[in-house]
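Trainee: This is the structure I want to talk about, given as structure tokens.
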Amino acid sequence: MPKTPRSAFDLTGGLVYFARMCDKIRLHHAGKLPEDYHPFLGAGFDGRICGYLKVDYAAVRDKVLAGASDEETLEWCQENGRRLAEIDVIVWNGFARKRGWRDTDGGTEKLAEMKQAAGFGDRDDIVTFYDFYDFDEGRRA
């Protein structure tokens, strides 16, 4: 039975989204991740957080599938990519939590398209991709 991944707002080591990426990896491997998520494995926010950590998504996927916890996987990323200082966590979280809101690179338009396609086009309270995920996946009404 398909299952949606955990919220992008969930934290691992103070970082938003990392837990969602790990959850998507595990669900996909178990055959439980809905098909419409498959094109975004390693792309979108997955690719952005891996790029921010300076690690390869495939290596992260392999670590998760080897049984590492989210916290262990994040520690591995910081040992094999780059160690994040407090300001780096603040910068990532600030960017990621607000993605889709007043973006100048097409993010705002993409979010509007996704909202319209999902039947949320009239919802002014969905202003970021993370808001959209929580509404679309039933965590918020």
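The values are calculated or read from the model by the stated rules, or taken from the named source; none is laboratory data. None of the values given here were measured: they were computed from a predicted structure. Backbone-built Cβ (ideal geometry, glycine too); neighbour counts: all protein chains shown. With ligands, DNA and RNA removed, areas are computed over all heavy atoms of the protein, side chains included. Shrake-Rupley method; radii C 1.70, N 1.55, O 1.52, S 1.80 Å.
Trainee: Within the set of other residues whose C-beta is less than 14 Å from the C-beta of Y57, count the net charge using Lys and Arg as +1 and Asp and Glu as -1. Provide the component values of the computation, followed by the final result.
Mentor: Working: positive: R20, K24, R48, K54, R61, K63; negative: D46, D56, D62.
Around Y57, the charge tally is +3.
Trainee: How far, in nm, would the chain grow between E35 and E137 when pulled straight, counting 0.36 nm per residue and subtracting the alpha carbon separation? Please report the intermediate quantities before stating the final value.
Mentor: On the way: separation 102, 0.36 × 102 = 36.72 nm, distance 1.40 nm.
Using 0.36 nm per residue and subtracting the Cα-Cα distance, I get 35.3 nm.
Trainee: With every protein chain present, what is the per residue accessible area of segment 1-99 (1.4 Å probe, Å²)? Numbers along the way, then the final one.
Mentor: On the way: 5020 Å² over 99 residues.
Per-residue accessible area for segment 1-99 comes out at 51 Å².
Trainee: Another question about this same structure. If Lys and Arg each add +1 and Asp and Glu each add -1, what is the summed charge of the other residues whose beta carbon sits under 12 Å from the beta carbon of G121?
Mentor: Spelling it out: positives minus negatives among the neighbours equals -1.
Trainee: What distance in nm separates the simple spin-label points at D124 and R83, each placed 7 Å from Cα in the Cβ direction?
Mentor: Those two pseudo-labels are separated by 4.8 nm.
Trainee: Now for a separate question. Taking the alpha carbon gyration tensor of the chain, what are the square roots of 5 times its eigenvalues, largest first, to the nearest whole Å?
Mentor: On the way: eigenvalues 125, 71, 30 Å².
Semi-axis lengths for the chain are 25, 19, 12 Å.
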